[in-house]
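The values are calculated or read from the model by the stated rules, or taken from the named source; none is laboratory data. Remember, it's a predicted structure, so these values are computed and weren't measured experimentally. Methodologically, a virtual Cβ is constructed for each residue, glycine included, from the backbone with ideal geometry; neighbour enumeration extends over all protein chains shown. These accessible areas exclude ligands, DNA and RNA; they are computed on the full protein's heavy atoms, side chains included. Shrake-Rupley method; radii C 1.70, N 1.55, O 1.52, S 1.80 Å.
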Amino acid sequence: GVEIVLESVTKRYPNQKQPAVDNVNLTIPAGEIVVFVGPSGCGKTTTMRMINRLIEPSSGTITIGGKDALSIDPNELRRGIGYSIQQAGLFPHLTIAKNVATVPGLIGWDKQKIKARTDEMLDLVGLDPDMYRDRYPRQLSGGQQQRVGVARALAADPPVLLMDEPFGAVDPITRGLLQDELMRLQSELGKTIVFVTHDFNEAVKLGDRIAVLGNQSAIMQYDTPEAILAN
Ligand code: ADP
Ligand code: ADP
């Protein structure tokens, strides 16, 4: 598994008085699920985007699998980290299959393998591939689009998953199945998963550890669900 370490990480956006992320020190152990919970605006998404190198910290260091994130080739990072977000972020002009196949296509898998993997991933998120592969994102509900976003994040089998409220619009039954699936990916394949949610019950179910962020964009508590519930 891949360990992720944040050391004194701060992010300031231009024209913002308070830092969005303020001096965060955190070790996300290899092969664990770490869940970030906290109020809107406390820097959860910013932290995910820094790990994924969509933005750079203003100061501090992020290490992924022992390497400084800034030194990792962007293509290697794309292969190594699956990212799914609340808004799904699908390409509107691409079919569902093409959306799921984005990273496998970029890294040069052959057509047969991509087709098989795409269908497998759609099945995994509970979307019948025969019914959905040739549709476009706008033809799907918000929850279905999120599920395609999850399928896309998993498609290239990355060792790390960053999931920013990935199930917010997903119906409760499917959400439970997807939560179980994530826990299976962790226990059987040793994936390191960073998961953001507003839902404390979801955090307790999924998390090996929970990072509780406060309004000051700092980590208030970082511990097992049992220890946090005991406090
Ligand atoms: P994003 O992370 O994409 O910016 P937000 O953090 O703004 O999204 O929150 C998404 C939705 O969740 C918003 O409609 C917001 O009102 C709601 N929300 C934010 N914080 C909480 C919370 N602590 N508990 C429940 N719902 C929340
Ligand atoms: P969360 O995901 O916990 O809701 P965010 O990381 O989205 O929090 O935002 C943290 C803070 O940074 C908020 O005050 C937000 O308004 C601010 N922020 C986020 N993105 C930007 C941006 N691109 N430019 C300026 N400020 C931003």
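Rounded to the nearest 0.05, what FRET efficiency do Ala230 and Ser40 give with R0 = 25 Å and r taken as the Cβ-Cβ distance? Could you check? Calculated value: 0.40.
Where only protein heavy atoms count, and the probe is 1.4 Å, what is the accessible area per residue for the chain in Å²? Could you put the intermediate results ahead of the total?
Working: 11060 Å² over 231 residues.
Heavy-atom accessible area per residue stands at 48 Å².
Our coupling estimate for the stretch 9-17, obtained by passing each phi through the Karplus curve with A = 6.51, B = -1.76, C = 1.60 and θ = phi - 60°, is 7, 10, 10, 10, 8, x, 6, 10, 5 Hz, Gly and Pro reported as x.
In deg cm²/dmol, rounded to 500, what helix-only [θ] at 222 nm does the chain give when every DSSP H run of at least 4 residues adds -39500 (n - 2.57) and the total is split over its residues? It would help to have the intermediate numbers written out before the result.
Numbers: 10 runs with 87 residues, N = 231.
Dividing the helical sum by the residues of the chain leaves -10500 deg cm²/dmol.
Each peptide in 211-220, 8-17 receives the mean, over its residues, of other Cβ atoms within 10 Å, and ordering these scores from highest gives 211-220, 8-17. Note on Leu70 and Asn215: the model spin-label points, each 7 Å out from Cα along the C-beta direction, lie 3.3 nm apart.
Counting only Cα atoms, the chain measures 47, 39, 36 Å along its principal axes, largest extent leading.
Translational diffusion coefficient of the stretch 54-147 (Stokes-Einstein, Kirkwood radius from Cα pairs, 37 °C, 0.692 mPa s): 218 µm²/s.
What is the ratio of the Cα radius of gyration of the stretch 171-225 to 2.2 N^0.38 Å, where N is its residue count, to two decimals?
Numbers: Rg = 12.4 Å, N = 55, 2.2 N^0.38 = 10.1 Å.
That works out to 1.23 for the stretch 171-225.
Only beta bridges with both residues in the chain are counted; by DSSP, about 45 percent of them are antiparallel.
Find how much the distance from Leu177 to Glu7 grows on full extension, using 0.36 nm per residue of separation minus their present alpha carbon separation; answer in nm with one decimal.
Numbers: separation 170, 0.36 × 170 = 61.20 nm, distance 3.44 nm.
Working it through step by step, the gained length comes to 57.8 nm.
Our summary gives the stretch 114-231 a relative contact order of 18 percent, counting only alpha carbon pairs under 8 angstrom and 6 or more residues apart.
Once you keep just the Cα pairs under 8 angstrom separated by 6 or more residues, what percentage relative contact order results for the chain? Before the final figure, lay out the partial values.
Values: 452 pairs, mean separation 68.0, N = 231.
Relative contact order here is 29 percent.
Placing unit charges on the Cβ atoms only, positive for Lys and Arg and negative for Asp and Glu, gives the stretch 27-109 a dipole magnitude near 200 debye about its Cα centre.
Ignoring any ligand, DNA or RNA, what whole percent of the accessible area of the chain comes from carbon and sulfur when the probe is 1.4 angstrom? It would help to have the intermediate numbers written out before the result.
On the way: 5370 of 11060 Å².
After summing per-atom areas, the C and S share lands at 49 percent.
Holding the Cα-Cα limit at 26 Å, pick out from Lys44/Lys98; Lys44/Lys67; Lys44/Lys191; Lys17/Lys44; Lys67/Lys113 the pairs that are longer than that. If you can, show how the numbers build up before the last one.
On the way: Lys44/Lys98 29 Å; Lys44/Lys67 22 Å; Lys44/Lys191 20 Å; Lys17/Lys44 18 Å; Lys67/Lys113 30 Å.
Long pairs (Cα-Cα over 26 Å): Lys44/Lys98; Lys67/Lys113.
Here the simple spin-label model places points 7 Å from the Cα toward Cβ, and for Leu106 and Thr61 these points are separated by 2.6 nm.
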